[in-house]
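No value in this document is a laboratory result; all are computed from the given coordinates. In this text the structure is predicted, and so the values were computed from the model without any measurement. Ideal geometry is used to build each Cβ from the backbone, glycine not excepted, and the neighbour counts take in all protein chains shown.
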Amino acid sequence: MKDLLRKRLGVPGDRLRRRLVICALLVTPALLTGACSSQPEVPSARELLTSKTWKAEDINGRGVVDFSHTTLEFSGRDKAGGDSGCNRYNTTVTFTEGDRLQFGPVSSTKKGCAPALMNQETDFFAALAAARRYTLDSEILMLYDEQANPLLRFSAFIK
């Protein structure tokens with residue numbers, strides 16, 4: 001192998017060895033420094049909100065109807081929507097300083113569903129309208145009213 005390198009590079013053995021050692025000494029610390037010092041980027045709250053679909057687990061402290069599929073998805077800067085358990089809906093959302101937000105009027109399809117689902121949908125839309133603050137743990141999203149009363153609890157949902 002040494003002979004092949006010497007022939008291809010045209011460098012005598014001792015000089016080749018010195019050059020390889022110097023290269024190794026220069027390159028290794030740079031690689032180690034880059035590998036050790038780089039911090040993984042922590043996604044912002046907005047990135048976490050928009051990167052997941054949020055499934056409702058609790059609406060106004062009353063849980064949710066079994067097997068209903070009430071979701072919230074944030075898209076872009078000011079859009080939100082999802083499934084109310086009965087109908088598809090969309091709305092706007094405004095984020096202000098810190099943990100503050102406000103949803104706009106909701107528009108939805110108009111399918112009829114079982115009374116329990118229709119009641120849950122009404123409660124869900126009312127809770128969205130009253131929401132003014134949020135907290136976000138990587139897998140749990142909570143929405144609160146102005147007085148910090150919990151309105152909605154969501155868990156991250158993988159489609």
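Some values worked out for this structure:
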{"item": "T53 versus T122: modelled label distance in nm, points set 7 Å from Cα along the beta carbon direction", "result": "2.7"}
{"item": "Charge context of P115, other residues only, Cβ under 14 angstrom, K/R +1, D/E -1", "result": "-1"}
{"item": "Distance in nm between pseudo-label sites at A156 and R62 (7 Å out along the Cβ direction from Cα)", "result": "3.0"}
{"item": "Local net charge near T94, Cβ-Cβ under 12 Å (Lys/Arg +1, Asp/Glu -1)", "result": "+2"}
{"item": "Rg [Å, one decimal], Dmax [Å, integer] - the stretch 45-157, C-alpha atoms", "result": "12.9, 39"}
